[in-house]
1. Enter the angle in degrees (range 0 to 90, nearest 10) between the Cα long axis of helix 79-91 and the first principal axis of the Cα atoms of the chain, meaning the one along which they spread out most.
2. What ranking of Val42, Val33 emerges when the number of other C-beta atoms within 10 Å of each C-beta is taken as an exposure proxy, fewest first?
3. Among His14, His157, His103, determine the one that fluctuates most according to a GNM of the chain built with springs between C-alpha atoms less than 10 Å apart.
4. Helix 143-154 versus the longest principal axis of the chain: what angle, 0 to 90°, nearest 10, using Cα atoms?
5. For the chain, how many pairs of lysine residues have a Cα-Cα distance under 23 Å, where the two are 8 or more positions apart or belong to different chains?
6. Kindly express, to the nearest 10 degrees and within the range 0 to 90, the angle between helix 163-173's C-alpha long axis and the longest C-alpha principal axis of the chain.
7. If each residue of separation counts as 0.36 nm, what is the full-extension length gain between Lys20 and Leu139 once their alpha-carbon separation is subtracted?
8. Volume per residue, Å³, of the convex hull around the alpha-carbon atoms of the range 42-129?
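Any read-out appearing in this document is the output of simple, stated calculations on the displayed coordinates, not a laboratory observation. These figures come from a predicted structure and were not determined experimentally. Cβ: placed from backbone, ideal geometry, glycine included. Neighbour counts: every protein chain shown.
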Amino acid sequence: MKPPRVSLSHAGFHVYDMDKMIDFYVRVFGFKVTDRGEDRLVFLGADPKDHHQLIMLGGRKTEADSKHYGHMAFRVDKMDTLREIHAKVKAEAEASDIRTLTHGNAWSVYFQDPEGNTAEAFLDTPWYVRQPFLEPFDLEQSDTEIYKFTEDLLSKHETTRPIEEWRQDYSKELGLT
């Protein structure tokens, strides 16, 4: 029997200051509040295919309240969008630990939001490389320079191959093809 096909739709987490957190995610990612539940429940999204991509629940009391997830990641469609988010996060006084890293299969901007939750914005690359893999890169370089830097970096790793080739093999492994 084939396993069910699933994809991640949204992430949810508890917050201390709902208004501050809504404002932050609206400014950085352009999210809109799609709904509010009773008490302390807010849904945010930026994709008409999904009602929401984030759920924030008020009433966070301790650091332990947030230990049920590692981070949330948002895929972007082009390098300029990644640069735009990077610039917005750098301009945020309450964002911290801002880093640009390549995982070989993605170029990423990591940061902590005002309440210390780790968020990532990323752009897929055309390559697969065995994970974990991370290396800093300079987002101020041109797209061509970033591509070349990453390609050169990955050429030294025997597991590097085109992502489409990896996806085909993985689809077979999952019994989908």
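1. Around 40 degrees separate the two axes.
2. Details: Val42 21, Val33 15.
In increasing order of surrounding Cβ atoms, one gets Val33, Val42.
3. Checking each option, the largest mean-square fluctuation is seen for His157.
4. 60
5. Summing the qualifying lysine pairs gives 15.
6. The angle comes out at about 80 degrees.
7. Values: separation 119, 0.36 × 119 = 42.84 nm, distance 2.77 nm.
That works out to 40.1 nm of additional length.
8. Details: hull volume 11.0 nm³, N = 88.
Taking the convex hull of the Cα positions in the range 42-129, it is 125 Å³ per residue.
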